[in-house]
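No value in this document is a laboratory result; all are computed from the given coordinates. Note that this is a predicted model, so its numbers are computed, not measured. Don't worry about glycine lacking a Cβ; one is built from the backbone with ideal geometry, like all the others, and counts go over all protein chains shown.
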Protein chains: 2
Amino acid sequence: MADDPAGLLRLLWLIAHEHAVSRVDLARVLGLPQSTISVRTQALLTAGVLTEHGEGRSAGGRRPKLLSVNAGFGHVWAADVGSRHVRIGALDIAGTLLHVDERPLDINREPGEVVTEFAAAVREVAAEADCPGRSLGVGVAFPGPVDVGAGTITLPSRMPGWRGFAVREALREHFEQPVAVDNDANLLALGESVAGSPGRTLLVVKAGTGIGSGLVMAGRLYRGRAGVAGDISHVRVPVAGERPCTCGNRGCLETVASGAALVAQLREQGVDLESTAEVMATAEDGHPAATTAVRRAGLQLGEVLATVVNFSNPDEVLLGGALSGSEAFMAAVRGALYERCLPLATRELRIDRVRFGADAGLYGAGALVLDEVFDEAIRSGR
Amino acid sequence: MADDPAGLLRLLWLIAHEHAVSRVDLARVLGLPQSTISVRTQALLTAGVLTEHGEGRSAGGRRPKLLSVNAGFGHVWAADVGSRHVRIGALDIAGTLLHVDERPLDINREPGEVVTEFAAAVREVAAEADCPGRSLGVGVAFPGPVDVGAGTITLPSRMPGWRGFAVREALREHFEQPVAVDNDANLLALGESVAGSPGRTLLVVKAGTGIGSGLVMAGRLYRGRAGVAGDISHVRVPVAGERPCTCGNRGCLETVASGAALVAQLREQGVDLESTAEVMATAEDGHPAATTAVRRAGLQLGEVLATVVNFSNPDEVLLGGALSGSEAFMAAVRGALYERCLPLATRELRIDRVRFGADAGLYGAGALVLDEVFDEAIRSGR
DNA sequence: GATAGTTACATCAGATCTGAAGTAAGTAGG
DNA sequence: CCTACTTACTTCAGATCTGATGTAACTATC
């Protein structure tokens, strides 16, 4: 549990999605001894998170007892905060998304106000949705470095005025429930790791308005010393030349391959666009300038990722964020990676989109709170 | 122990170097509970690795029992295999180097022959040296990717004909002792981590004839999926243009910043040189072309490291290998890192040379075997 | 020189995890 | 319907680690 923050959650996920339904299945899929599974499921049964409902078909021996997740136990709220909007969703305790909605939210204001507005938005969505059980916690992904231990925003290049702001405390006051916060790219990575095979090393990249990445090793999210691990947006790339970046430096990847950069580039060329989403829609419509720009962004990102892949040697590279929706973008990234990485590093490397598309961040934010919720549930139910 | 391969070794290191002499000291320095230290020291005392010799000064209470390492328990042999030479050393069980020697060794031949010659060289050195106790094991660092689990050479760009060769087995037959093998950059990293503060994340770079790096997180060496993690030598750098690399690709860092590249560059300019060592000596003598070349190599490496540092966000960046001996090289790397990294990533980042200079690989190779030796000693002495 | 406070170390009980053995409950074949 | 084999799950003992408590041995103070 402690050595795998997503341990119990992955177990529930497997049960809920019928990838594993009996204790033996779980042991096999998770690569853990049956005794360990037996103890853990027992704890979850006692806590009321799991229930048993009858028996399955025999495979030549004793029939397995069928496990299922007790949906009535409750749900959590997850949110993925963007520059202009916030995506809000409810997840059941197995980490499955029950309901999603998107609301406008301007984060370029006084943090306290934003938090209040955010809380109201969540309550609104909650009133509309019909989620089973009571709400157990809230997880939020922010578009910038977060000090997870302290629950504060570290250095918000896209969130001016938020420096050092104690978001977690502010949110807890509004919700009076467990609250967990982290960086959006990290949570993208965490969400994918829960649904993926255990023990694999994942490099998950969020290519949206900004660019970020998260690394999951052996089920653990690696956050680095200052919690800024995974930053690849300020790597110098030759084609960026001397273009100034929000970080104060010049020639960063972000100035040529981020959604924000694409918007700027296309506007320079006289294409009337305002958001990353519009860029993607325009490219999808076959607009030549937009398509070329998206493809170039993929090549640039791929070049940078090649360095990171050679260095960290992951099992999978997963791409999320708005740009990853484009086939041309994905192809460009793949091409650059295969061309520039060592054969040994790419031989069995899986390069793919994140499983949950635009909702991937929500799955991760949900996973982060759920981990706390289960710890609490098991501790108290003993 | 299991979660920190250098656990016992670090403990012994602290005792031997008088950084910690009593159990309470150890607990404080290692950040572990006293009870754990008590149990571990007891096991080491029983195994005969540690001894108690009298008591220390009181600090206002009960006098501490002084611990010391039993040098008579034995020693291990460590080797750092280079392209043309092999560096051979003996380390006591605290991981301290007792004796070093360097011998010529041509690895561009049939692996079996090389191993035989290597074993003979070790025995020669051993005959000359007067090391306390018996030999307990052998650790060897190779200049290429090693499959540590299987004990084989993976893909030896600098060791043609070694592909898949079972070095560990071959060595074990010669020495009839525990043998441990790994990549040289990995062992450089491991060696530094034992002597450094526990729990820190270290990015250790070997800049010699080739370029490699190793990452240590929370005392654990990260080897990646295929055991090729840490490769940064085949990243594309703009100044390398279309220069062909041994990896089959073009424009790699290795073609401009490695010792081999410097030799080639300077020879093109009419400077008569053959080895990386000569390049460094020439630069040290103030030869302008050599100095410029070394400095440029540092800048190139620094640019690439900036990406890796932003991504992995370590506590320390440590440089080893022949090039790191140059002040100009170090300054260039530092400069590039500070210029290109995020302020958050460099704010408390330590950038330095490896503690043990040319012997750093030996410390790591020794640490790797010693870990096995202690496991064995404790298991049998029970 | 009794008392209180400090420091160092040992020991133990509780928690977690896991391998091995045990129990339960089926199928298949005669 | 009895025996042998499978499969599924439980239980238990042993290992490791650690927080809490206990013991030992000293210093300082009145």
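A Cβ distance below 6 Å, combined with a sequence gap of six or more or placement on separate chains, defines the contacts here; from region A:30-42, residues that are within 23 Å of A:Arg200 (Cα to Cα) reach residues that are in a helix (DSSP H, G or I) and more than 7 Å from DNA strand D (Cβ to nearest atom) in the pairs A:Gln34/A:Ala27; A:Ile37/A:Leu26; A:Ile37/A:Ala27. When the helices (runs of 4 or more DSSP H) confined to region A:1-104 are screened for residues that are away from DNA strand D (no atom under 14 Å from the Cβ) and surrounded by 13 or more Cβ atoms within 10 Å (Cβ to Cβ), those reaching at least 3 such residues are found at A:7-16.
Assess whether A:Gly224 counts as being more than 30 Å from B:Gly241 (Cβ to Cβ) and not charged (D, E, K, R). Break it down stepwise before answering.
Details: more than 30 Å from B:Gly241 (Cβ to Cβ): yes; not charged (D, E, K, R): yes.
Judged against the criteria, A:Gly224 is a match.
Residues of region B:197-222 that are out of contact with any strand residue (DSSP E or B) (no Cβ under 8 Å at 6 or more places or on another chain) and assigned to a strand (DSSP E or B): B:Arg220 alone. With respect to (1) over 20 Å from the mean Cα position of the chain (by Cα); (2) touching a residue at least 40 places away in the same chain (Cβ under 8 Å); (3) more than 20 Å from A:Val216 (Cβ to Cβ), the lone exception for A:Phe329 is condition (1). Counting the residues of region A:196-220 that are out of contact with any Pro (no Cβ under 7 Å at 6 or more places or on another chain), away from every other protein chain (no Cβ under 11 Å) and over 20 Å from A:Ala322 (Cβ atoms) gives 4. Residues of region A:265-288 that are of a type outside the set (Ser, Thr, Tyr), in a helix (DSSP H, G or I) and more than 25 Å from B:Glu303 (Cβ to Cβ): A:Leu266, A:Arg267, A:Glu268, A:Ala277, A:Glu278, A:Val279, A:Met280, A:Ala281, A:Ala283, A:Glu284, A:Pro288. When A:Leu318, A:Leu262 are screened for being within 29 Å of A:Ala345 (Cα to Cα) and either buried (at least 24 other Cβ atoms within 10 Å of the Cβ) or within 14 Å of another protein chain (Cβ to nearest Cβ) (or both), only A:Leu318 passes.
Here A:Pro156 meets the list (1) touching a helix residue (DSSP H, G or I) at 6+ places or on another chain (Cβ under 8 Å); (2) assigned to a loop (DSSP other than H, G, I, E, B); (3) not small (Gly, Ala, Ser) almost entirely, failing just condition (1).
Looking at A:Arg158, A:Arg172, A:Arg223, just one residue is within 9 Å of another protein chain (Cβ to nearest Cβ) and either within 28 Å of A:Glu117 (Cβ to Cβ) or in contact (Cβ under 8 Å) with a residue 24 or more places away in the chain (or both), and that residue is A:Arg223. Any residue in region A:343-358 that's within 14 Å of chain B (Cβ to nearest Cβ): show its pairings with residues that are surrounded by fewer than 16 Cβ atoms within 10 Å (Cβ to Cβ) and among the small types (Gly, Ala, Ser) at Cβ separation under 9 Å, as long as the two are six or more apart or on different chains. If the second residue must be surrounded by fewer than 16 Cβ atoms within 10 Å (Cβ to Cβ) and among the small types (Gly, Ala, Ser), the pairs left are A:Pro343/B:Gly248.
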